[in-house]
1. List the residues, sorted by chain then number, that are 5 or more residues from A:Ser144 or on another chain and whose placed amide H is less than 5 Å from its amide H.
2. The range A:110-140: which trypsin sites (Lys or Arg not before Pro) are DSSP loop and have at most 13 other beta-carbon atoms within 10 angstrom?
3. Which whole-Hz ³J(HN,Hα) couplings does the range B:102-118 yield from phi under the Karplus relation 6.51 cos²θ - 1.76 cosθ + 1.60, θ = phi - 60°, glycine and proline marked x?
4. Hey, fewest Cβ within 10 Å first, where do A:His32, B:His59, B:His152 land in order?
5. If packing is taken as the average number of other Cβ atoms within 10 Å across a peptide's residues, how do B:87-98, A:43-54, A:98-109 rank, most packed first?
6. So who's got an amide H within less than 5 Å of the one on A:Thr6, skipping anything under 5 residues away but keeping other chains? H placed 1.01 Å off N, in plane.
7. Going 7 Å from Cα along the Cα-Cβ axis for the label, what nanometre distances separate B:Gly33 from the same residue across the other copies?
8. If we hang a label 7 Å off Cα along the beta carbon direction at A:Pro56, how far is it from the matching labels on the other copies, in nm, shortest first?
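Please treat every number below as a calculation from the coordinates, not as lab data. This one's a predicted model, so the numbers in the text were calculated from it and none came from an experiment. With ideal geometry, Cβ positions are generated from the backbone for all residues, glycine too; neighbour counts draw on all protein chains shown.
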Protein chains: 2
Amino acid sequence: MNKELTIVKIGGKVIDDEASLEQFLIDYGSFHGQTILVHGGGKIASDIGEKMGIEPVYHEGRRITDKATLDLVTMVYGGLINKKIVATIQTLGINAIGLTGADGNVLKANKRPVKEIDYGFAGDVSVDSVNTVALNKLLNAGFSPVMCTLTHDGNGSILNTNADTIASILAAALSKSYDVVELVYCFEQPGVLEDLESKKVIPHIEEAKYITLKAQGEINEGMLHIMDTALDA
Amino acid sequence: MNKELTIVKIGGKVIDDEASLEQFLIDYGSFHGQTILVHGGGKIASDIGEKMGIEPVYHEGRRITDKATLDLVTMVYGGLINKKIVATIQTLGINAIGLTGADGNVLKANKRPVKEIDYGFAGDVSVDSVNTVALNKLLNAGFSPVMCTLTHDGNGSILNTNADTIASILAAALSKSYDVVELVYCFEQPGVLEDLESKKVIPHIEEAKYITLKAQGEINEGMLHIMDTALDA
């Protein structure tokens, strides 16, 4: 095999600003080969939540996903943002298909255990959470997954999961099916895809590159830790 | 071949009432063979729209889909309701995958032309709108599509489309790939799937059955007309 997969995670301005998103998606459309796009949509969810009277609750900078917030992010990530992105990518000749972890059961998570803090409907994932069979079926059938940061617990509940973590575990899990898996984090200006620079090579995925882009503090230590742990496993 | 496909459209109480939906989905899970579920979610969208200050606008009983309403139904149909249904069906051993018409480009629509009334982002579809290649890829790969009533125009915009119409054109289009296509409309009590009665056999889909359930005025003449027109084509 000589198969290559590129996983791109977008966040920050790229998703919050409509013009930036549009420019990003044009760049994305010029990609050759198989791709998976991972997106959240934090600020848009907060703005819509405000209109609906849903107050965001944080603990040490991490949002707590209560029932109202879960419904909100399910609407905004899984509906509004995901479908806009999918419809736009479709205009570029790529057969995008929007997914949460529940769709095709591609990504199951464990509800985060309540210790000192109850993070609510937050889902933790590992490399083993990824249903590579289902994802490969979609990829091999010519679909290009657009994955939002929602997972499911297998018991009927959607869970809210960190986008960086999803992107990294997808890369780790799918590295078994591809010669090269590129992981790109993209959260700045339009045009960034033309100007990538490699910052770190993940030693445990053979030939896979772990590319971060202008990663000034945006890729947190927690994610790197998860990635390393996941790859060690 | 001896392939059978069942397309079930749910609406009314089945979707508005959480307990009814749950009971319906348990029944749905006991179905054998390949299925497609089609859902809207009108009342829930209106309730959430009210919280967001979006006033529904109607013309002769038909809702006009302005920009705010399009975003609302994209969130509610494509996100909230679709993902809840998919996550629930996943617990029943069926590998559900949620779709709008943009996902996998399964259903492209034409924005309704403005004549006396501008219906906004309303999409009209015909049997030719259905991408049977993409749907068959998903079905043959073992996925069970859960389709909400959103389509796309191929130019980057999501469109709002009638659920009954979507169910009927899917049945007509997929009748070429299956020996038997059953079309079930379901909008009443829980338990309805156990107690179907055939009301009308559609003559133009060979061996396909057009089953309506307690159809006291719920299946409108417009839909029947569309169905007949579609099948004649």
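1. For A:Ser144, whose amide H was placed from the backbone, the distant partners under 5 Å are A:Asn95, A:Ala96, A:Ile97.
2. On the way: sites: A:Lys111, A:Lys115, A:Lys137; in loops: A:Lys115.
When the trypsin sites (Lys or Arg not before Pro) of the range A:110-140 are filtered for loop state and at most 13 Cβ neighbours within 10 Å, A:Lys115 remain.
3. Taking θ as phi minus 60°, the curve returns 6, 5, x, 6, 6, 8, 9, 10, 9, 4, 4, x, 7, 10, 6, 10, 9 Hz for the range B:102-118.
4. Values: A:His32 7, B:His59 11, B:His152 26.
Placing the least packed residue first, the sequence is A:His32, B:His59, B:His152.
5. Numbers: B:87-98: 22.8, A:43-54: 15.7, A:98-109: 27.6.
Going from most to least packed, we get A:98-109, B:87-98, A:43-54.
6. Result for A:Thr6 returns A:Gln34, A:Thr35, A:Ile36, A:Glu182.
7. Sorted ascending, the copy-to-copy spacings read 4.4 nm.
8. 3.1
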